[in-house]
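One structure below.
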Amino acid sequence: MPEEIMSAPVALAPAGRLKAARDNVSLQEPEPVDGISVVVPIHNEEDNLVRLHEELTAALLSSGKPYEIILVDDGSRDGSARMMQAIAAGDERVKLVMLRRNYGQTSALRAGMDRAQFGAIVTIDGDLQNDPADIPAMVAKLEEGYDLVAGWRRDRQDAQITRKLPSRLANKLIRKVTRVPIRDLGCTLKVIRRPFLAELELYGDMHRFVSILMVQRGARWTEMPTSHRPRVAGVTKYGLWRTVVVLLDLLTLKYLLDYSAHPMRLFGGLGLLCLGLSGMAFVVALLMKTLGGVDLTGNPLLLLTVVSALSALQLLSLGILSEVLVRIYYGRVAERTHYSVRETTNLEAAE
């Protein structure tokens, strides 16, 4: 059984800035969950599905709680869809969501989460590298009063250069930027309380930042070591390019965490910086003209004055427009998804 390694009640700093503080705030009273919903995004995992179903079923039965397994086919091109339909036909607790095309892991997870009916939602990869046997212990930890139990692949069974090293560097950078000290943000195995999901906006590749987004919402979290196994079938969907994608998404996340509610603080600050630079360049150019008789035709300081002033005007205007858009967004948030469902199985009654 995995041991708990860290818990961190979270205090949010002003202006939405995150600060994962190990303070003395006590946990809530134990909160049992009414059941477990396991969401599994599937993309070309035909050879893993039978074993995945067997291991998930064994683990969930051992928990003694009602459960459902939601398999989301993310546009698989092999026989995964056919295999999942056969599994669902023999087990009514297996629910299927078939997306029209490959939307990516984030949209697949969102599609499954939207249809989960129990209080504890487990996310896990379909490649069998995460061990389903860890789920009961993580759910038990959640019931102690946490909102999130994140998995930590302490002994990760992946290639050192192409997988482990980039992941380690990316995790370190993300912890530095967001100030959320979760060790393994790339681990899909997590247990989440359902009420938080309605507040999470998942799109693009933001699934890797679910833990950070929950911390922003004030989630009480802990992290537990989980088993990690080498892939025995199928082909990995991750590579070195994913590290570049993570870095780009981190810029988006940083903006969302610190400035999404107050964009003028970013654009206005940059605008004032440019305005100050323009003023200093103008003063120096004026002194050069009046005291030194320097011809300002083509003078770089004069050009800097004009360019900086125009940049300041653009940034301040962008800040105002962003503030207006933010107020429209928070005032009229429409329910919309970033995926399209072709069909479902064993979910019609619930929907």
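We did not get these values from a lab; they are worked out from the coordinates using the rules stated. Not measured: the values here are computed from a predicted model. Cβ atoms come from the backbone with ideal geometry, glycine included; neighbour counts cover every protein chain shown.
Summary table below
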quantity	calculated
Burial ordering of Phe267, Phe282, fewest other beta-carbon atoms within 10 Å first	Phe282, Phe267
Evaluated over the stretch 264-331, the Cα radius of gyration and Dmax, each in Å	16.2, 57
Cross-link table Lys176/Lys254; Lys95/Lys190; Lys65/Lys141; Lys65/Lys190; Lys65/Lys95; Lys141/Lys176, entries beyond 23 Å C-alpha to C-alpha	Lys141/Lys176
Per-peptide average of other Cβ atoms within 10 Å, ordering 205-217, 93-105, 76-88 highest first	205-217, 93-105, 76-88
Viscosity 1.002 mPa s, temperature 20 °C, Stokes-Einstein D of the stretch 18-146 from Kirkwood C-alpha radius, µm²/s	139 µm²/s
